[in-house]
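What follows is one structure encoded as structure tokens, with my remarks underneath.
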């Protein structure tokens with residue numbers, strides 16, 4: 001039986017640098033915005049959805065332009081993540097996907113309906129959105145559902161508040177971000193991957209890195225024993241965490 005979805009919220013606004021809103025928005029304005037293909041293995045989009053229009057600031061740009069965010073990911077935010085988990089929590093060794101920015105502009109963008117490959121996700125909301133303005137994080141309470149219409153039938157909804165940091169296990173519950181309701185609005189969230197001893201970074205599917213980066217050349221690629229795709233899918237369906245590395 002799947003555990004109900006839950007999340008933990010921290011207000012970290014007092015710990016963030018002065019003018020952090022402006023810094024993030026300036027970087028987000030240069031996001032990579034295009035039609036992204038659905039993500040292999042992890043996508044929970046309806047079968048007829050092949051691409052999702054959205055924006056991303058990749059991890060190398062985050063580290064270069066928002067070094068404080070990278071430092072928080074490996075420092076203070078990592079400490080907070082540890083408070084939400086019974087196991088020791090670790091950041092990603094591979095900087096290509098440790099922390100990125102997801103960006104939505106206007107009414108035509110949303111974030112893909114998917115599950116996560118990592119056992120713990122941190123989201124730092126960087127923009128505020130009033131009730132009815134869109135941009136909510138929507139999480140399906142039923143791990144079996146596919147597509148946003150099915151998720152909306154039974155879901156938890158989290159409205160973004162700038163300066164709030166949430167942690168949750170998104171590996172079992174499909175989730176997506178709703179479109180914004182006005183064309184001039186922008187939604188920005190920093191997405192952070194964390195791992196644990198029982199579900200280490202070595203369990204990340206190599207197919208995911210090849211999809212995102214063209215080849216799996218990260219620091220763990222040479223030492224990791226690849227997990228077959230069918231094995232990874234079966235493990236997700238069984239909802240039993242395991243280590244394959």
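All conditions in (1) assigned to a helix (DSSP H, G or I); (2) in contact with a helix residue (DSSP H, G or I) (Cβ under 8 Å, 6 or more places away or on another chain) hold for residue 80, with the sole exception of (2). Screening segment 30-45 for residues that are outside any strand (DSSP E or B) and in contact with a strand residue (DSSP E or B) (Cβ under 8 Å, 6 or more places away or on another chain) and picking the one that is nearest to residue 142 (Cα to Cα) gives 44. Candidates 122, 140: the one that is closer than 27 Å to residue 12 by Cα and under 13 Å from the mean Cα position of the chain (by Cα) is 122. Counting only residues that are outside any loop (DSSP other than H, G, I, E, B) and more than 25 Å from residue 177 (Cα to Cα), segment 83-108 holds 3 of them. Does segment 28-43 include one or more residues that are over 16 Å from residue 112 (Cβ atoms), buried (at least 20 other Cβ atoms within 10 Å of the Cβ), within 19 Å of the chain's Cα centre (by Cα) and touching a residue at least 12 places away in the same chain (Cβ under 8 Å)? Scanning segment 28-43, I find at least one residue that is over 16 Å from residue 112 (Cβ atoms), buried (at least 20 other Cβ atoms within 10 Å of the Cβ), within 19 Å of the chain's Cα centre (by Cα) and touching a residue at least 12 places away in the same chain (Cβ under 8 Å), so the answer is yes. Exactly one residue among 178, 204 is farther than 30 Å from residue 128 by Cα and at pLDDT 95 or above, and that residue is 204. For segment 118-147, a residue qualifies if it is surrounded by fewer than 22 Cβ atoms within 10 Å (Cβ to Cβ) and within 15 Å of residue 43 (Cβ to Cβ), and the qualifying residues are 143, 144, 145, 146, 147.
The values are calculated or read from the model by the stated rules, or taken from the named source; none is laboratory data. Just so it is clear, the structure is predicted and the values come from calculations on it, not from any experiment. Backbone-built Cβ (ideal geometry, glycine too); neighbour counts: all protein chains shown.
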